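*Asks:* One structure is given below, represented as structure tokens, and several questions about it will come after.
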Amino acid sequence: MAILSSRRRSAAISTAAVAGLAAAGVCFAVGGASAGTVSGSLYRDPGSAVVRWVAANPGDSRAAVIRDKIASQPQARWYANFNPSTIQSEVSGFVGAANAAQQIPVLSVYEIPNRDCGGASAGGAPDLNQYQTWVSNFARGLGNQTVLIILETDSLALQTCLSPSELSARNQALTTATQTIKSANPNAKVYLDGGHSTWNSANDTANRLRAAGVQYADGFFTNVSNFNPTSSEANFGRAVISALNGMGISGKRQVIDTSRNGGAAGDWCADDNTDRRIGQYPTTNTGDANIDAYLWVKPPGEADGCRYTAGSFQPDLAFSLANGAPNPPTTAPPTTNPPTSAPPTTAPPTTAPPTTAPPTTPPPTGNGCSASVAINQWNGGFTASVNVTAGSAAINGWTVTVALPGGAAITGTWNAQASGTSGTVRFTNVGYNGQVGAGQTTNFGFQGTGTGQGATATCAA
């Protein structure tokens, strides 16, 4: 990642897929009762780069330290590849394994267009419409149990490359992404980008969070890939929460990345800095009512991009961070082992309540399928989530007709193809969601201007 200024913090992350390999002989540090809104133990990813390295290098002189102090710990799984056709199954497999272990997974979403303003972590979805398609598919893999979502590192703290119109579009995209995730899994905890304590001011950060829809999220994250002390981040978080309260936005909480903040602060790049250490071990037991969790979002040992390839795992960096750091808490490993094969990639249960009230009358039925529409309305615009449910027999292709209220106009669609933008609009399936099993449900959505309340939907197969 390019060094933009001494205030810049982010470090590039790996976009490589990881395989499900486990290292032997590791202990688990698990969370307990929390002072925030999250409780329970965090999920240790058995396919992380550090776990795979430890398993492949048991004779390396650095392996024991890296195994005991880094590979033993829960870390975030990053989702940074634009893969709309496979992202649901990838997420479902990871979340399903965490659910089977009765632990809480942490997922870092890093797919916003023009991410990192073209730095070492440049990339993301080609455009915002395709981003919403990707997010919708991502959300469908989240199941219905507690998950922690780190939504788009740098997306709010780093905005120097965006024009006013691009910034407005990004804010709307983050709002819609948050609502999409919360609608798919009401138990998902979603946190937006809060930068860190030595970047933007607390008031500026609060304003950016408000513009990006933090009122629909659970809070914000800080210090991802940075080295600021936990105490400084907690003080900064309290100031942001106070500023949000002053705007009428209450009940928001913070999560802090402590993966590399146990040593010196300063220059953002850790590739050549031997003064860094891992910080507090990941836990939901923070003892602070404002803080939901201390997390390892940036995987310790992954390079920042100034000496090594950005996002690559480097054992010498991992050893430098872990050597001399305190030992983790020693607790018994979970009693439930993760499954040895990937869970089914079917859509999550459809009985979880949406974030807005469903229609009060049964959805009208068509030829072999039914459709229901739920509207998330805000001042001047809305998003719609439409469920398509097959009848007593499987269907192969569907068409949903939506009658929009007067003055409403569609500006974007995901997981379907639209014919028309106002009045009566027809939506047809795309290639990957046309086949729906008997009694099963698929989903698509659209965004529009005006008032969406009162829209009705019918389905024909």
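None of the figures in this text is laboratory data; all of them are computed from the coordinates on show. Just so it is clear, the model here is predicted, and its values are computed rather than measured. So basically every Cβ, Gly included, is an ideal-geometry build from the backbone, and we count neighbours across all protein chains shown.
*Asks:* What is the gain in length, in nm to one decimal, between Asn129 and Asn327 on full extension, counting 0.36 nm per residue of separation less the C-alpha to C-alpha distance?
*Replies:* Result for the pair: 66.7 nm of gain on full extension.
*Asks:* Lys and Arg at +1, Asp and Glu at -1: add these up for the other residues within a Cβ distance under 14 Å of Asp127 and post the number.
*Replies:* Neighbour charge sum, excluding Asp127 itself: 0.
*Asks:* For Asp316 and Ala289, compute 0.36 nm times the residue count separating them, minus their Cα-Cα distance, and round to one decimal in nm.
*Replies:* 6.1 nm
*Asks:* A further question on this structure: Percent of alpha carbon pairs in the stretch 369-460 separated by more than 17 Å?
*Replies:* For the stretch 369-460, the fraction of Cα-Cα distances above 17 Å is 42 percent.
*Asks:* Ranking Val38, Val255 by Cβ neighbours within 10 Å, fewest first, what do you get?
*Replies:* Val38, Val255
*Asks:* Right, next: What does the charge add up to near Arg208, with Lys and Arg as +1, Asp and Glu as -1, over the other residues with Cβ less than 11 Å from its Cβ?
*Replies:* 0
*Asks:* Using R₀ = 60 Å, calculate the FRET efficiency as 1/(1 + (r/R₀)^6) where r is the Cβ-Cβ separation of Ser85 and Arg307; round to 0.05.
*Replies:* Once the sixth-power term is evaluated, E becomes 0.95.
*Asks:* Which of Ser320, Ser312, Ser155 comes first, and how do the rest follow, when ranked by fewest Cβ neighbours within 10 Å?
*Replies:* Fewest-to-most ranking of Ser320, Ser312, Ser155: Ser312, Ser320, Ser155.
*Asks:* If you rank Arg208, Arg77 by fewest surrounding Cβ atoms within 10 Å, what's the result?
*Replies:* With the sparsest Cβ surroundings first, the list reads Arg77, Arg208.
*Asks:* Let me ask another. Using only the alpha carbons of the stretch 49-322, determine the length spanned along each of the three principal axes and report them from longest to shortest in whole angstroms.
*Replies:* Between the extreme Cα coordinates on each principal axis of the stretch 49-322 lie 53, 39, 37 Å.
*Asks:* Using the alpha carbons of the stretch 94-200, what is the convex hull volume per residue in cubic angstrom, as a whole number?
*Replies:* Expressed per residue, the convex hull around the Cα atoms of the stretch 94-200 is 109 Å³.
*Asks:* Cβ under 12 Å from Tyr110's Cβ, Tyr110 left aside: what net charge do those residues give with Lys, Arg +1 and Asp, Glu -1?
*Replies:* -2
*Asks:* Let me ask something else. At Thr428 and Ala409, where each label point lies 7 Å from the Cα along Cα→Cβ, what is the point-to-point distance in nanometres?
*Replies:* 2.5 nm
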